[in-house]
Amino acid sequence: MIELESIEKTYGTGDTATPVLKGISFRIQAGEYLALMGASGTGKSTLMNVLGCLDKPTGGQYTLDGRDAVSLNDNAISHLRNQKIGFVFQQFHLLERTTALKNVMLPLIYSEPYPEDAEERAKKALDAVGLNDRMYYRPSELSGGQQQRVAIARALITNPQIILADEPTGNLDSKSGQEILAIFKRLHRDGRTIVIVTHDREVAEHADRIIVLKDGKIEQDRG
């Protein structure tokens, strides 16, 4: 499903050039549960942005579901991203003035045509993360763990094959973090491909495979 070959990412040019990814190569099969691990500054968030088609590499080849993600134009890459990938971040990025239900529905505005069953899809996604009784609550009325569950439901609304999660438990207490990891485990059992970026070994151990980055290169790939 995902194949990276000699991926490089450099910011700046000339004397100010800063190489962040230095020849990253690996494959992710459909249905894998993978953790990308490393200390701050190792390039794991940059790699996540490349995997999520949020940023293009400056070198190498990235193939997503059989398509060359590097050569696609902005419209094509946005369409591919919206179809294939759901995102969960450390910061929940919820709209404060609207309900959990409306927050979950937001990604559907990029669907053409807009689905007639958008609200039903959102309710189903919230039910899948155990928040069917909180769908009309605003973010300020929810705990951190509940807000992250809304964010996961939002990631699920387009029924993506891949979930990319960047430090999804970083802003949560240990109990809420375990609840979020249990949801990812269940999504994995349902057949989705899960990629989690983390600096926390305990979080990484929930995955079936761990890739450790150091100084922009793969130091370990085990699982």
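Counting only residues that are part of a strand (DSSP E or B) and open to solvent by less than 50 Å² (accessible area, probe 1.4 Å), region 6-24 holds 7 of them. Within region 152-184, the set of residues being under 20 Å from Ala100 (Cα atoms) and either among the aromatic types (Phe, Trp, Tyr) or surrounded by fewer than 16 Cβ atoms within 10 Å (Cβ to Cβ) (or both) comprises Asn159, Phe184. Just one of (1) under 23 Å from Tyr110 (Cα atoms); (2) surrounded by fewer than 20 Cβ atoms within 10 Å (Cβ to Cβ) trips up Gly145, so point out which. Only one criterion in (1) under 23 Å from Tyr110 (Cα atoms); (2) surrounded by fewer than 20 Cβ atoms within 10 Å (Cβ to Cβ) is unmet by Gly145, namely (1).
Take Arg201 and tell me if it is on the phi < 0 side of the Ramachandran plot and either open to solvent by 50 Å² or more (accessible area, probe 1.4 Å) or hydrophobic (A, V, I, L, M, F, W, C) (or both). It is true that Arg201 is on the phi < 0 side of the Ramachandran plot and either open to solvent by 50 Å² or more (accessible area, probe 1.4 Å) or hydrophobic (A, V, I, L, M, F, W, C) (or both). Looking at region 71-107 only, could you name the residues that are over 17 Å from the mean Cα position of the chain (by Cα) and among the aliphatic types (A, V, I, L, M)? Across region 71-107, the qualifying residues are Leu72, Ala76, Leu95, Ala100, Leu101, Met105.
Are any residues in region 124-142 of a type in the set (Phe, Trp, Tyr) and either in contact with a Gly (Cβ under 6 Å, 6 or more places away or on another chain) or open to solvent by 90 Å² or more (accessible area, probe 1.4 Å) (or both), and if so, which ones? Outline the logic, then answer.
Here is the first cut: in region 124-142, the ones of a type in the set (Phe, Trp, Tyr) are 136-137.
Answer for region 124-142, where residues must be of a type in the set (Phe, Trp, Tyr) and either in contact with a Gly (Cβ under 6 Å, 6 or more places away or on another chain) or open to solvent by 90 Å² or more (accessible area, probe 1.4 Å) (or both): just Tyr136.
Could you list, in sequence order, the residues of region 27-56 that are over 26 Å from Arg186 (Cβ atoms) and of a type in the set (D, E, K, R)? Answer for region 27-56, where residues must be over 26 Å from Arg186 (Cβ atoms) and of a type in the set (D, E, K, R): Asp55, Lys56.
The values are calculated or read from the model by the stated rules, or taken from the named source; none is laboratory data. Predicted model only: the values in this text are computed from it and were never measured. Ideal geometry is used to build each Cβ from the backbone, glycine not excepted, and the neighbour counts take in all protein chains shown. With ligands, DNA and RNA removed, areas are computed over all heavy atoms of the protein, side chains included. Shrake-Rupley method; radii C 1.70, N 1.55, O 1.52, S 1.80 Å.
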